[in-house]
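*Asks:* This structure is in structure tokens; I'll ask about it shortly.
What follows draws every value from the coordinates through simple rules; no lab data is involved. In this text the structure is predicted, and so the values were computed from the model without any measurement. Note: ideal-geometry Cβ built from the backbone for every residue, glycine included; neighbour counts use all protein chains shown.
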Amino acid sequence: MEMEMRINEHPILGVIEKGRLVHFTLDGADMEGYEGEPIAAALRAAGVMTHRHTVKRGEPRGIFCAIGRCTDCVMVVNGKPNVRTCVTPLEEGMKVQTQYGKTAKEQTK
Amino acid sequence: MKRYELLVVGAGPAGLSAAIEAARLGMKVAVFDENSRPGGQLFKQIHKFFGSKEHKAKIRGYRIGAELLSEAERLGVEVHLNAVVTGIFEFMEINVMENGELCHYKGNAVLVAAGARENMIPFEGWTLPGVIGAGAAQTMMNLHGVRPGQRVLMVGSGNVGLVVSYQLLQAGIQVAAIIDAAPQVGGYGVHASKVARTGVPFLLSHTIIKAEGTERVTGAVIAKVDEKFRPIAGTEQHFDVDTICMAVGLSPMSQLLAMAGCRMEERRGTVPVLNEYGETSVAGIFAAGDVAGIEEASSAMLTGRIAGTAIARKLGYLDEETFSGEYQALKEALSRLHEGMFSPENRGRRDLTETDEGIPLSQSLLKNGYIEKEELTRFPGVVKQKGIHPVIECTQNIPCNPCQDACKFGCIAVGSRITKLPEVAKDSRCTGCGMCVASCSGQAIFLVNEDYDETGASVTLPYEFFPYPKAGERGLALGRDGRPVCEAEVISVKSSPVMDQTALLTIRVPKEMAMTARFYRAKEG
């Protein structure tokens, strides 16, 4: 069973402050997250690991550095490909799509 | 094109410290950082820092970050975020990518404090989702409050690997093991011990062979290595983990300096050649912090301050005499951090067999992450006494002395050389206040009372995990190796603002376990 991935109360940091709850979509499915947190954080909290598949071999990639350096976590966000989800703040109504090569797959909504 | 007197690249501990010094002396300073938040890695560092008061010892990294930031703001330092410096050009001009535009700034001096990036080692499956940098784990859990995984294998036993392992545990994540290809734990023994006593095994001379899984990490395979770091066939071991965390060193991000024509050298990564004030071979361009050689945040703050002060002198904001006084003081503060077995010169040395005091090092600490009880008595922090008294299991020469300041009754002495091992006075007047326990950044101090009652002893230990146990609760006492050794009853859990989130957990154990029980675990169910 997947454990709760959000830390509700931390022994050192206490309650970690979050923005308001917002809705977004991942490949058409409804998702929730907190405004202003990185898209990648909201996805990880929801149990999503694969952000994209590589151009040539179609291998899965996900969060690796989490600070915008490695570009492994890029996705198609609001129609724009190669968006680094670990440093892009989540907004209400964002359309996030798994990236296949350089684009979102045709069949995803 | 906007003009400033000092342009700083990087708003981490070095960059902010330099900016504060320069602004304090009247200079107009702008700091640029590519991240959306300032502070570099400080806001992810939730442990108490080492050093002495002048190095902000026993203050947690994120609080130091907040202090630096508010000081910089108070002094009018302009901090530009989401601002990527793309080049340093002639006459102290820099290009900055800000809000999708390329902006120009001109300064009279430039300080590069761009920090470092994480190293990586490739292995089968290393690109799978679930293989992450240790920095990524810190960022996810300490900044964003999201657990990177449920069960983690940590690769690397340097201070980063040890500190992040402890943070993973604090975030409620299991750490399956800490492995390292080296035959000895790389980081501070005290960092290793606080992880080991929770039950995390250390596997030295082991390397990662494979990340298992097709869509994401479902396991890891490790193997023993020979003296040339080659995996030994037949020694493979599997771990059920969903995350593999890599803490295999850092490299300076010195590209800007190389591009600017500064003379560079290879010293554990490409670093600029600097004079004693942090100035590169290009007059007016300075460097400080990890970009000039990997250390840690405490020395980054000092090299930043040295550079900031030197820049102020160069530009006429500080007279020679005042400068030389301030420089001397900063240099001495830095050299106090640079003493002992973990000094920059001693990095990676595996031939050290004894402390500065001539006491043989604990071999178990280096191989297993914890000290054996039998090895303890040779260290000056461990004395047997009637009644309550501190037991300081600090056995390596690391630069740290808050324990000495914490005890108002003079029970603990480190002396002026802060890398010396702390000594507990033979007839200490310990009142059991526990301030030493809470102040020890290495969580290596325990209060022991072998005369607690007829048959029992009390042990007070630092505790930084949720949920806190409750008085009266019965659970298990664990040894330094994390194995259950006996039953324990919780006597009290104390926390106060001055202890800054380090609770004092006092347990009662059978008398003969007073020097064995070092952690507590509630009974399951």
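*Asks:* Treating cross-link reach as a plain straight distance, find the aspartates and glutamates whose alpha-carbon is under 12 Å from the alpha-carbon of B:K194, omitting any fewer than eight places away in the same chain.
*Replies:* B:E393, B:E464, B:D481
*Asks:* Note down the relative contact order for chain B as a percent, whole number, built from C-alpha pairs under 8 angstrom at least six residues apart.
*Replies:* Numbers: 1302 pairs, mean separation 71.8, N = 525.
Dividing the mean separation by the residue count of chain B yields 14 percent.
*Asks:* Okay, next question. So how do A:F24, B:F466 line up by other beta-carbon neighbours within 10 Å, fewest first?
*Replies:* Going from sparsest to densest Cβ surroundings: B:F466, A:F24.
*Asks:* Counting other Cβ atoms within 10 Å of each Cβ, which chymotrypsin sites (Phe, Trp or Tyr not before Pro) in region B:370-463 have at most 15 and sit in a DSSP loop? Each step should come with its number before you reach the end.
*Replies:* Numbers: sites: B:Y370, B:F409, B:F446, B:Y452, B:Y463; in loops: B:Y370, B:F409, B:Y452.
Qualifying residues, ordered by number: B:F409.
*Asks:* Continuing with the same structure: Past 21 Å, Cα to Cα, is the threshold; run B:K386/B:K470; B:K28/B:K331; B:K48/B:K494; B:K408/B:K494 against it and keep the listed order. Walk me through the numbers on the way to the answer.
*Replies:* On the way: B:K386/B:K470 27 Å; B:K28/B:K331 25 Å; B:K48/B:K494 18 Å; B:K408/B:K494 19 Å.
Too far apart for the 21 Å limit: B:K386/B:K470; B:K28/B:K331.
*Asks:* Which Cα, out of B:Y105, A:M49, B:G278, lies furthest along the positive dipole direction of the protein assembly as shown (beta carbon charges, K/R +1, D/E -1)?
*Replies:* Result: A:M49.
*Asks:* Please label the shape of region B:111-259 as rounded, prolate or oblate, based on the square roots a ≥ b ≥ c of the eigenvalues of the alpha-carbon gyration tensor (a/c under 1.5 means rounded; beyond that, a/b larger than b/c means prolate, else oblate).
*Replies:* Details: a/c = 1.36, a/b = 1.23, b/c = 1.11.
Rounded.
*Asks:* Continuing with the same structure: Rounded to the nearest 5, what is the percent of antiparallel bridges among the DSSP beta bridges in chain B?
*Replies:* Values: 63 of 96 bridges.
The antiparallel fraction comes to roughly 65 percent.
*Asks:* Rounded to the nearest 20 debye, what is the charge dipole size of region A:21-99 about its Cα centre when +1 sits on each Lys and Arg Cβ and -1 on each Asp and Glu Cβ? Mind dumping the intermediate values first?
*Replies:* Working: 9 positive and 9 negative charges, 113 e Å.
With Lys and Arg at +1 and Asp and Glu at -1, about 540 debye.
*Asks:* Which whole-number percent is the relative contact order of region B:131-246 (Cα, under 8 Å, 6+ apart)? Before the final figure, lay out each step's value.
*Replies:* On the way: 245 pairs, mean separation 34.6, N = 116.
Computed value for region B:131-246: 30 percent relative contact order.
*Asks:* Now a separate question. Mind running the shape call on region B:299-380? Use the C-alpha gyration tensor, a ≥ b ≥ c as the square roots of the eigenvalues: rounded below 1.5 for a/c, prolate if a/b tops b/c, oblate otherwise.
*Replies:* Working: a/c = 4.28, a/b = 3.32, b/c = 1.29.
Verdict is prolate for region B:299-380.
*Asks:* For each of B:Y468, B:Y105, B:Y188, count neighbouring Cβ atoms within 10 Å of the residue's Cβ, then give the residues from fewest to most.
*Replies:* Details: B:Y468 16, B:Y105 21, B:Y188 24.
Arranged by neighbour count, lowest to highest, B:Y468, B:Y105, B:Y188 become B:Y468, B:Y105, B:Y188.
*Asks:* Mind checking which aspartates and glutamates have their Cα closer than 12 Å to the Cα of B:K106? Skip sequence neighbours fewer than 8 apart in that chain.
*Replies:* Qualifying aspartates and glutamates at Cα under 12 Å: B:E5, B:E90, B:E93.
*Asks:* While we're on this one: Of all DSSP beta bridges located in region B:131-246, what percent are antiparallel, nearest 5?
*Replies:* Numbers: 10 of 25 bridges.
Of the beta bridges lying entirely in region B:131-246, close to 40 percent run antiparallel.
*Asks:* Here's another thing I want to ask about it. For a test of understanding, tell me how many lysine pairs in chain A have Cα atoms under 15 Å apart, given they are 8 or more places apart or on different chains. Write out the running numbers ahead of the final one.
*Replies:* Details: A:K56/A:K102; A:K56/A:K105; A:K80/A:K95; A:K80/A:K102; A:K80/A:K105; A:K80/A:K109; A:K95/A:K105; A:K95/A:K109.
Lysine pairs meeting the criterion: 8.
*Asks:* Within 10 Å of each Cβ of B:145-158, how many other protein chain Cβ atoms are there on average?
*Replies:* Details: counts 15, 17, 7, 5, 4, 5, 1, 0, 0, 0, 0, 0, 0, 0.
Per residue, the number of nearby Cβ atoms from other chains is 4 on average.
*Asks:* When you look at the Cβ of every residue in B:132-144, what mean number of other chain Cβ atoms sits within 10 Å? Mind showing how you got there, number by number?
*Replies:* Numbers: counts 7, 7, 0, 4, 11, 2, 2, 9, 10, 5, 5, 7, 14.
Average neighbour count from other chains, rounded to a whole number: 6.
*Asks:* Counting only other chains, and only Cβ atoms inside 10 Å, what mean value do you get across the residues of A:66-74? Intermediate results must be reported in sequence, preceding the final value.
*Replies:* Details: counts 12, 12, 4, 7, 6, 0, 5, 2, 0.
Per residue, the average neighbour count from other chains is 5.
*Asks:* Please arrange B:V8, B:V448, B:V146 by how many other C-beta atoms lie within 10 Å of their C-beta, fewest to most. Each step should come with its number before you reach the end.
*Replies:* On the way: B:V8 37, B:V448 24, B:V146 27.
With the fewest neighbours first, B:V8, B:V448, B:V146 line up as B:V448, B:V146, B:V8.
*Asks:* Another question about this same structure. Where a Cα-Cα gap under 21 Å defines reach, which lysines qualify for B:K228, not counting those fewer than 8 residues away within the same chain?
*Replies:* B:K210, B:K367
*Asks:* Before anything else, pin down the relative contact order of region B:378-522: Cα pairs under 8 Å, at least 6 apart, normalised by residue count, whole percent. Intermediate results must be reported in sequence, preceding the final value.
*Replies:* Working: 342 pairs, mean separation 30.8, N = 145.
RCO, region B:378-522: 21 percent.
*Asks:* So in the protein assembly as shown, what percent of DSSP beta bridges are antiparallel if you round to the nearest 5? Don't jump to the answer; show the numbers that get you there.
*Replies:* Working: 81 of 118 bridges.
Looking only at bridges with both residues in the protein assembly as shown, the antiparallel portion is about 70 percent.
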